[in-house]
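Undergrad: Have a look at this one before I ask anything.
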Amino acid sequence: MDALIAPKLKLDRVGKRFALKPGEAVAAVEDFSLDVRQGEFLVIVGPSGCGKTTVLNLLAGLELPTSGSLSIDTHPITGPGADRGVMFQDYALFPWRTVVGNIEYGLVYGPAGRNLSAAQRQARVRHYVDLVGLRGSEQKYPHQLSGGMRQRVALARLMANEPEVLLMDEPLAALDAQTRLILQDELLRIWGQDRPAHERRTVVFITHAIDEAVFLADRVAVMTSHPGKLKALLDVPLPRPRSDRTRGDSQFQALAQHIWSLIRDEAYRATVA
Amino acid sequence: MNSAAESRIARAVAVPVILIGVWYAWTTLHPTPRTPTPGRVAAAAVDMIASGDLPLGVLQSVGRVFGGFALAAAIAIPLGLAMGTRRAIERNVDPLVESFRPIAAIAILPLAILWLGTGTAAAVTIVAYAAFFPIVINTVAGVKRVDSTLLRAAATMGVDRLTILRTVIVPGALPSIGVGLRIALGVAWTAIIAAELAVGAKAGGGGSGGVGQMMFVFYAYSIELNRIVVCMIAVGLVALLLDRMLRALNAWLMPWTH
Amino acid sequence: MIRGVAGAAIYFRTMAVFAAVWWLIAAWTGNAALLPSPLLVAKAIGELALDLELFKHAGISLARMLASLALAILLAVPLGILMGRVRIADDLLDPVVEILRPISGIAWIPLALFMFGIGNALPVFIMTYAAFFPIVLGTISGVRGVDRRLVNAARTMGVSHRAIVTTVVMPAAAPALLVAIRLGAASAWTAVVAAELIGAPSGLGYAIEWYRELLMTPQVMAFIAMVGVLGFLFDAALRSLSRRFTPWAPATA
């Protein structure tokens, strides 16, 4: 049945080369093909430097491929746009705007808020402030917030624009281990993991943490590096909603081990070589 | 007041007090009619303030500084924004900026007098010239220092380029611009004193007004060293005041900088 | 500043455009005493260079600059190190520094005229004073900015206190110190024209004023250009010296 429905995002033989010096180029990504389904939570995992961020940047339209093509709903991706929201690794919060100022930015200055009255916009902002659990901190500046809180602001800002696709580049990387686990739960809750697929937004999530990938994903795309290629595309059949108990599940452990075995040699080479 | 604060204050005033004391002792032991003494300086200060001469002179000088400063900012900030965002503009304008930067405002003064006379127009022009460089240089640096990730974040929300300039680049560069403005105000104040001094020296003590010219008159015409010292203290105090003012302005404009 | 052949080409192109616009305006006003054409100025530069008058005054100003800078460094750097490392010294001396600093060197000119009269001493005094403050403040900041952990590392190896100052603190603070000296030099060079304009019988500032009184504007501009050229060269020389002595420091504009 899935084959009849067009994928939300399509990457078709995508390649990206960077020129280091005249005549010398390195392929960050090569021959990468992938279909991302509507409403799925797809995680791309791989060792450092394998091109995961490049794939995300290509999907976001922040960079253009040197070969192949990317499309959303069969429309080619030629640049950034409000239909594909991005959450960056260091949150990219505007330091001169408060929490509310950051969350409403895309609605005030971008196309996402074009048809909203000021009252509707404020209501939406308030909704997402509550959803991510930041009630009471609306007037604070980013420098006054902890890492976990900044991540929530970035998430609320991303979601307030209600993009069709959420692209997230290692958003939990800068947090300590405990906050990470809590925010993984939060992320799934906010995304709406207990709703049917056609009501959920499509997520492409980058991480280098394997257990995080298995916990969050419907499918995991495993990448190798030098050049960045798709090594494997695995289903994660763990039932939703997922919780702490899922983490102890034997199927969870087996999947994580399997992915690690796929990456391990690469990671070792990258660290030692 | 606890003893830690007391000793801190004591150490802060110790050396200045000792120096003033030495000054007083020396001039009391070797009295000469011309030498400034703490007593005469204080008396001169009271006289100059009460007669309104000092406040008037300060007001004149400060007025010119603000005029030139505003002019410089009005040109330098937009230019700096343009240079910071567009490589082509920077490449073509930068040679001019860098060539004139080592030429101090005071060196241009003779030309300014030639073209605009010895009055306020020349003074304001000199101040504007002096203030221009710190502002434009710091604006360009500020724009370049804006985190590129912030620009990409705005792009991924579908915001157009001009709005990104207005809502991301300008606020992002503001801390640097603020530093440039603060430096420029200090430079402007030094420039106006120099200009008024030089004009006073060359135009025979007439026409320019302001604290710098007062100082020269006290040197060349009435030979009042005490009054010169009062003017110098005024120069220092105004410089401090202007700096504090701009720090406060920067803190108010940018509540997010901690 | 942009480097390389391409950079030089753009530099000359911009300056050529500037000269062309200047020439047009000069031709339009038609008054050589008010705005001489660039050609007249170039001719004046040539003449002044040939009879060496240009270099005579430039040399005098430069000599004063070097003397002032040397004097300022000799006074400001040791003081800065002291104030940066010894809390009490800073507590005692900082108020004096902060009171004198806002009184620019130029404000001292009338008083200095009384103390020294017109001559060599006045410009050197003013310039030394002007250079002193950026250098002392930059030295304090540089010394304070030395990473504590480096000092601690040396202490755990049993290095003596004096050796720590010379082998850890000084090299670590050197980049900041050299930047401070560059700023001091720029400050002094700004003061040179003002000081010489009013209080010296020679030098670039004096020459500018001399020719202005004679309404020989091409010569005025020639000397102004010399101020700019020398200022730029001096700073470039200091920058290259900085790179030589502290190759590990990041390049600053």
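Undergrad: Using beta carbons and a limit of 7 Å, which pairs, at least six apart or on different chains, have the first residue in the range B:223-239 and more than 7 Å from every other protein chain (Cβ to nearest Cβ) and in contact (Cβ under 8 Å) with a residue 60 or more places away in the chain and the second one among the small types (Gly, Ala, Ser) and surrounded by fewer than 20 Cβ atoms within 10 Å (Cβ to Cβ)?
TA: Sorted first by the residue in the range B:223-239, then by its partner, the pairs are B:VAL230/B:ALA45.
Undergrad: Within the range C:245-253, does at least one residue satisfy the condition of being modelled with pLDDT of 90 or more and over 23 Å from B:ALA141 (Cβ atoms)?
TA: No, there is no match, as no residue in the range C:245-253 is modelled with pLDDT of 90 or more and over 23 Å from B:ALA141 (Cβ atoms).
Undergrad: Also, I was wondering about something else. Of all residues in the range C:211-220, how many are part of a helix (DSSP H, G or I) and farther than 14 Å from B:ILE113 by Cβ?
TA: Here the count works out to 2.
Undergrad: With respect to B:ASP94, determine if the residue is farther than 22 Å from C:ALA107 by Cα and either surrounded by fewer than 18 Cβ atoms within 10 Å (Cβ to Cβ) or modelled with pLDDT of 90 or more (or both).
TA: Yes.
Undergrad: Considering only the range C:45-56, I want to know if a residue exists there that is within 20 Å of C:VAL220 (Cα to Cα) and within 13 Å of chain B (Cβ to nearest Cβ).
TA: Looking for residues that are within 20 Å of C:VAL220 (Cα to Cα) and within 13 Å of chain B (Cβ to nearest Cβ), one finds none in the range C:45-56, hence no.
Undergrad: Next question, about the same structure. Could you pull out the residue among B:THR149, B:THR190 that is out of contact with any helix residue (DSSP H, G or I) (no Cβ under 9 Å at 6 or more places or on another chain) and either facing another protein chain (nearest Cβ under 9 Å) or under 30 Å from C:VAL193 (Cβ atoms) (or both)?
TA: B:THR149
Undergrad: Could you tell me whether any residue of the range B:171-185 is surrounded by 24 or more Cβ atoms within 10 Å (Cβ to Cβ), at the interface with another protein chain (Cβ under 8 Å from one of its Cβ atoms), at pLDDT 85 or above and part of a helix (DSSP H, G or I)?
TA: No, that holds for no residue.
Undergrad: Residues that are acidic (Asp, Glu): find the helices (runs of 4 or more DSSP H) completely inside the range A:190-273 holding 2 or more of those.
TA: Qualifying helices (runs of 4 or more DSSP H): A:210-216, A:250-272.
Rundown of residues vs (1) modelled with pLDDT of 90 or more; (2) assigned to a helix (DSSP H, G or I); (3) out of contact with any helix residue (DSSP H, G or I) (no Cβ under 6 Å at 6 or more places or on another chain), yes/no style:
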| residue | (1), (2), (3) |
| --- | --- |
| C:ALA33 | no, no, no |
| C:ALA44 | yes, yes, no |
| C:PHE55 | yes, yes, yes |
| C:ALA70 | yes, yes, yes |
| C:ALA76 | yes, yes, no |
| C:LEU79 | yes, yes, no |
| C:PRO95 | no, yes, no |
| C:GLU98 | no, yes, yes |
| C:ILE106 | no, yes, no |
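Undergrad: For the range B:78-124, which positions are of a type in the set (Ser, Thr, Tyr) and closer than 18 Å to C:THR217 by Cβ?
TA: Once the filter is applied, which keeps residues that are of a type in the set (Ser, Thr, Tyr) and closer than 18 Å to C:THR217 by Cβ, the range B:78-124 yields only B:THR118.
Undergrad: Are there helices (runs of 4 or more DSSP H) fully within the range B:2-115 with at least 3 residues that are under 27 Å from C:THR190 (Cβ atoms), out of contact with any Leu (no Cβ under 7 Å at 6 or more places or on another chain) and within 14 Å of chain C (Cβ to nearest Cβ)? List them.
TA: Those helices (runs of 4 or more DSSP H) span B:53-85, B:87-100.
Undergrad: Out of the residues in the range C:81-105 that are at the interface with chain B (Cβ under 9 Å from one of its Cβ atoms) and charged (D, E, K, R), which is farthest from the chain's Cα centre (by Cα)?
TA: Among those residues, the one meeting the criterion is C:ASP91.
The values are calculated or read from the model by the stated rules, or taken from the named source; none is laboratory data. Given the structure is predicted, the values throughout are model-derived calculations rather than measurements. Glycine gets a Cβ as well: all are built from the backbone with ideal geometry, and neighbour counts include every protein chain shown.
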